[in-house]
Amino acid sequence: MFLTFCFLLLAAGCRRSDDTIQTYRVSKDDDVPMPMAAPSMAPGSAPAPMMNSAAPGMDMNGMGDASGMAAAGTAKEIAWKVPPGWVEQAPSAMRIGSFLIKGDNGQTSDVSVVPLSGEAGGDLANINRWRGQINLHPVTEAELPNLSETLTPAGRRMRVVDFVSDQPLINNQYRKRVIAAMYSRGNRTWFFKMVGDDATTEAAKPSFLRFLRSLKFNDVQ
């Protein structure tokens, strides 16, 4: 009887040992990292919007530099008088003139001079693009006269617009303002644009208008 009991005990111990080995055996596939699961969404919710890799406010100036485009004119065609306080910056592929204006609040406004071929899309398309950059709704052709002013320095007819965002778009603290002028000459259109925080850009508007009046074009076409 004793021998029978020992035999049964030994057999049970062997079965427990086999069970243990089967339980803790690890396959090589477990060493491969599993892909992270996407976060679950509540029923009826929309997926998160895709982030645009372009910098906020990027327009024809920055997009042209990134794509290798060149300005349709040269600095030889135009001369100007730089207002006091404007800091001249290096030109780029699109800009033949670039300036920085420092505000009292630590913010800055950027001024660009960009010539493009032909009508460059037309006034309405460019104005609505600029409005879209500061989250304003588009306007119609019939509304443009009430949303712009006309300058005629030296007999040149230039359309000037001035828009400010409804919400703080700069550091969630400052509203953004765009002041721009368009001038068609020969086979190209010239764009003079100032953009920055509301206070700095509005304060620089008189000097921007003086800058426009100081423009002198040569006969190079």
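Values quoted throughout were computed directly from the atomic coordinates according to the rules given, and no laboratory measurement underlies them. Note that the structure is a prediction, hence the values are computed from the model and not measured. Using ideal geometry, Cβ is built from the backbone for each residue, glycine included, and neighbour counts are taken over all protein chains shown.
Considering the range 132-143, and only residues there that are touching a helix residue (DSSP H, G or I) at 6+ places or on another chain (Cβ under 9 Å) and surrounded by 15 or more Cβ atoms within 10 Å (Cβ to Cβ), the residue that is nearest to Met182 (Cα to Cα) turns out to be Val139.
Just give me the residues in the range 144-164 being farther than 21 Å from Phe211 by Cβ and out of contact with any helix residue (DSSP H, G or I) (no Cβ under 8 Å at 6 or more places or on another chain), in sequence order.
Applying the first criterion (farther than 21 Å from Phe211 by Cβ) to the range 144-164 yields 144-147.
If the condition is that a residue be farther than 21 Å from Phe211 by Cβ and out of contact with any helix residue (DSSP H, G or I) (no Cβ under 8 Å at 6 or more places or on another chain), then Pro145, Asn146 are the ones that fit.
Scan the range 157-170 and tell me whether some residue there is in a helix (DSSP H, G or I), over 18 Å from Glu202 (Cα atoms) and of a type in the set (D, E, K, R). The answer is no, given that none of the residues of the range 157-170 is in a helix (DSSP H, G or I), over 18 Å from Glu202 (Cα atoms) and of a type in the set (D, E, K, R).
Out of Glu202, Glu119, which single residue is in a loop (DSSP other than H, G, I, E, B), closer than 26 Å to Pro91 by Cα and touching a strand residue (DSSP E or B) at 6+ places or on another chain (Cβ under 8 Å)? Steps first, please.
Values: Glu202 fails: in a loop (DSSP other than H, G, I, E, B).
Among Glu202, Glu119, only Glu119 is in a loop (DSSP other than H, G, I, E, B), closer than 26 Å to Pro91 by Cα and touching a strand residue (DSSP E or B) at 6+ places or on another chain (Cβ under 8 Å).
Here Arg175 passes the criteria (1) out of contact with any helix residue (DSSP H, G or I) (no Cβ under 7 Å at 6 or more places or on another chain); (2) more than 17 Å from Ile96 (Cα to Cα) except the one numbered (1). Restricting the first member to the range 115-139 and to residues that are closer than 30 Å to Asn218 by Cβ, and the second to residues that are among the acidic types (Asp, Glu), the beta-carbon pairs closer than 7 Å and six or more apart or on different chains are Leu124/Glu141; Arg129/Asp59.
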